[in-house]
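All remarks here apply to the structure that follows.
The values are calculated or read from the model by the stated rules, or taken from the named source; none is laboratory data. Since the structure is predicted, the reported quantities are computational estimates derived from the model, not experimental observations. Cβ: placed from backbone, ideal geometry, glycine included. Neighbour counts: every protein chain shown. Areas reflect the complete protein model, heavy atoms only, side chains present, ligands, DNA and RNA absent. Shrake-Rupley method; radii C 1.70, N 1.55, O 1.52, S 1.80 Å.
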Amino acid sequence: MHGEQTRRAIASQPAWLAQVPTDRRFPGDARLLFTGCGTSLHAAMTGGEAVQALELVLQPEREADLLVIVSHEGETPLTLEAARAWRGPRWLVTGKAD
């Protein structure tokens, strides 16, 4: 069925995110901005204000203190480009331990 792989990937996001270690916390007063591509953007949107990685590359100046980058493998080229464009602190949420 057309789009079935995408549907499965989206459905897996809550379980994938539930495995993220929770021993670190965002600064309580920080304004967060989340980004990612594809299904990782869908996951990023669950955190709060989110922007597509391409939009962040084109317009990196945003009203936020910290960029939270969501990426399954931590290797998506456009997401990495968005992270490089951001001038402030960055946190990565990924399924890859290293």
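Note on region 58-73: residues that are in contact with a Leu (Cβ under 7 Å, 6 or more places away or on another chain) and open to solvent by 20 Å² or more (accessible area, probe 1.4 Å) amount to 1.
A search for C-beta distances below 6 Å between a residue of region 82-98 that is under 10 Å from residue 60 (Cα atoms) and modelled with pLDDT of 85 or more and any residue that is open to solvent by less than 30 Å² (accessible area, probe 1.4 Å) and assigned to a strand (DSSP E or B), counting only pairs 6+ apart in sequence or on different chains, returns 82/35; 83/69; 86/67. Please find, among 5, 52, the residue that is open to solvent by 50 Å² or more (accessible area, probe 1.4 Å) and modelled with pLDDT under 95. None of the other options fit; the residue is 5. Among the residues of region 18-36, those identified as at pLDDT below 75 and either among the polar types (S, T, N, Q) or open to solvent by less than 50 Å² (accessible area, probe 1.4 Å) (or both) are 19, 20, 22.
Of all residues in region 32-59, those that are over 15 Å from the mean Cα position of the chain (by Cα) and part of a loop (DSSP other than H, G, I, E, B) total 1.
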